[in-house]
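So the structure is just underneath, and the comments pick up after that.
The values are calculated or read from the model by the stated rules, or taken from the named source; none is laboratory data. All of these numbers come straight from a predicted model, not from anything done at the bench. Don't worry about glycine lacking a Cβ; one is built from the backbone with ideal geometry, like all the others, and counts go over all protein chains shown. Calculation scope for accessible area: heavy atoms of the full protein, side chains included, ligands and nucleic acids excluded. Shrake-Rupley method; radii C 1.70, N 1.55, O 1.52, S 1.80 Å.
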Amino acid sequence: MLDFITWTADPVWFHIGPLAIRWYSLAFMVGFLVGYEIEARIYKHEGAPESWLGILLMWTVAGTIIGARLGHVFFYEWDLYSQDPIQILYVWKGGLASHGGTIGIILGVLLYSIFTTKRNPLWTFDRLVIPIALVGGLIRLGNLMNSEIFGHATDLPWGFMFLRSREWHELYYGQACHPTQIYEALCYFALFALLMWMYWRKNAECRPGLIFGVFFLGIFVPRFLIEFIKNDQVAFEQTMTLNMGQWLSVPFILAGIALIIYAMRRPPVHIDFPDRFADEKTPARK
């Protein structure tokens, strides 16, 4: 008999009176705090105004939450929410879509570039997506703690039996399932390491759009492939050859390829790095 992993983790970290603080919320908070520190170091490295950071955080948080919520509403359960629109505001009941969060962040960065930096949006995207890759991995670990968004049944030795999941009891009781949350988290952490290396070691930011393009491929190619072994999120996906998550990933994959081609066909832009982390071997000119 195979020994599978019995997963019984409590999704709640601790309680403050009647308020439950969940691991999923902690993943968001840690991700944004660590991401802010990474972004602060990048801004210091390039001599960008420190005041821009707080504004960027505001746009990023707002874009992530609003975009992810509306993405779930419109892409997955519009028939439900259109009958009772006030339910859209009940974010604490669950229902966030990463593709919607991505769109929300893109719109936020465009507004941030227009009103704050007055620079090409690619300047912000190339720097912002580095910590976002880390946040994406942490959020998937939050999904693991919630025993949600797992995959089909498997006989692989690292299969998980999600005892706290109603969906698992209804569909797979007694069987182990792919821990697809871990698969995605590992992909996103590896992407984070790659983007950090590209920025700090290879000066990839000197090719506007390159880091952004690699981010799109690193996020959405694994998402597209892992969806083949994930459970459908909503009933209408059962009749689809590719599910909604895969169809929504395709435009981002194509955009990633286009951005990489665009970046590599243009001459690199050399940047003055005013702080001590500057690469002194790189000619500095604006």
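Just checking, how many residues over the range 234-286 are more than 27 Å from the chain's Cα centre (by Cα) and at pLDDT below 70?
The qualifying residues number 12.
Any chance you could count how many residues in the range 140-168 are closer than 25 Å to ALA190 by Cα and basic (Lys, Arg)?
Counting residues in the range 140-168 that are closer than 25 Å to ALA190 by Cα and basic (Lys, Arg) gives 1.
State whether the residues of the range 83-91 include one that is acidic (Asp, Glu) and surrounded by 14 or more Cβ atoms within 10 Å (Cβ to Cβ).
Within the range 83-91 (the criterion being acidic (Asp, Glu) and surrounded by 14 or more Cβ atoms within 10 Å (Cβ to Cβ)), the answer is no, since none of the residues qualifies.
Evaluate the following for PRO208: is it modelled with pLDDT under 95 and either open to solvent by less than 20 Å² (accessible area, probe 1.4 Å) or not in a helix (DSSP H, G or I) (or both)?
no
May I ask you to say which residue of LEU122, LEU80, LEU111, LEU128 is assigned to a helix (DSSP H, G or I), among the aliphatic types (A, V, I, L, M), open to solvent by 20 Å² or more (accessible area, probe 1.4 Å) and within 23 Å of SER249 (Cα to Cα)?
Just a single option satisfies the conditions, and that option is LEU122.
Those residues that are hydrophobic (A, V, I, L, M, F, W, C) and either part of a loop (DSSP other than H, G, I, E, B) or open to solvent by 40 Å² or more (accessible area, probe 1.4 Å) (or both), I need them from the range 1-19; list them, please.
MET1, LEU2, PHE4, ILE5, TRP7, ALA9, TRP13, PHE14, ILE16, LEU19
Cβ-Cβ below 8 Å, separation at least six or inter-chain, first residue in the range 173-192 and over 18 Å from TYR24 (Cβ atoms), second aromatic (Phe, Trp, Tyr) and crowded, with 21+ Cβ neighbours inside 10 Å: which pairs?
Hits for this filter: ALA176/PHE160; CYS177/PHE150; CYS177/PHE160; CYS177/PHE162; CYS177/TRP168; HIS178/PHE150; HIS178/PHE160; LEU191/PHE215.
In the range 149-205, what residues are part of a loop (DSSP other than H, G, I, E, B), within 13 Å of ASN231 (Cα to Cα) and open to solvent by 60 Å² or more (accessible area, probe 1.4 Å)?
Once the filter is applied, which keeps residues that are part of a loop (DSSP other than H, G, I, E, B), within 13 Å of ASN231 (Cα to Cα) and open to solvent by 60 Å² or more (accessible area, probe 1.4 Å), the range 149-205 yields only HIS152.
Residue under question is GLY245, and the condition is that it be among the small types (Gly, Ala, Ser) and out of contact with any Gly (no Cβ under 7 Å at 6 or more places or on another chain); does it hold?
yes
Is it true that some residue in the range 44-58 is over 28 Å from ILE21 (Cα atoms), in contact with a helix residue (DSSP H, G or I) (Cβ under 8 Å, 6 or more places away or on another chain) and of a type in the set (Ser, Thr, Tyr)?
The answer is no; no qualifying residue exists.
Pairs, please: C-beta under 8 Å, at least 6 apart or cross-chain, first residue touching a residue at least 12 places away in the same chain (Cβ under 8 Å) and in the range 75-90, second among the aromatic types (Phe, Trp, Tyr) and open to solvent by less than 60 Å² (accessible area, probe 1.4 Å)?
Between residues of the range 75-90 that are touching a residue at least 12 places away in the same chain (Cβ under 8 Å) and residues that are among the aromatic types (Phe, Trp, Tyr) and open to solvent by less than 60 Å² (accessible area, probe 1.4 Å), the close pairs are ILE88/TYR81.
For residues that are among the hydroxyl-bearing types (Ser, Thr, Tyr), in a helix (DSSP H, G or I) and open to solvent by 50 Å² or more (accessible area, probe 1.4 Å), scanning just the range 215-266, find the one that is farthest from TRP78 (Cα to Cα).
The qualifying residue farthest from TRP78 (Cα to Cα) is TYR262.
So, in the range 102-153, exactly how many residues are closer than 30 Å to ALA9 by Cβ and either under 10 Å from the mean Cα position of the chain (by Cα) or in contact (Cβ under 8 Å) with a residue 60 or more places away in the chain (or both)?
24
In this structure, does GLY218 turn out to be within 30 Å of ALA153 (Cβ to Cβ) and touching a Leu at 6+ places or on another chain (Cβ under 6 Å)?
The answer is yes for GLY218.
Restricting to the range 39-50, name every residue that is surrounded by 17 or more Cβ atoms within 10 Å (Cβ to Cβ) and either of a type in the set (A, V, I, L, M, F, W, C) or not in a helix (DSSP H, G or I) (or both).
Residues satisfying the conditions are ILE42, ALA48.
Exactly one condition in (1) open to solvent by less than 10 Å² (accessible area, probe 1.4 Å); (2) modelled with pLDDT of 90 or more is false for GLY71; which is it?
Going through (1) open to solvent by less than 10 Å² (accessible area, probe 1.4 Å); (2) modelled with pLDDT of 90 or more one by one, GLY71 breaks only (2).
Could you pull out the residue among LEU53, LEU33, LEU26, LEU57 that is within 18 Å of ARG127 (Cβ to Cβ) and open to solvent by less than 50 Å² (accessible area, probe 1.4 Å)?
Selected residue: LEU53, the only one of LEU53, LEU33, LEU26, LEU57 that is within 18 Å of ARG127 (Cβ to Cβ) and open to solvent by less than 50 Å² (accessible area, probe 1.4 Å).
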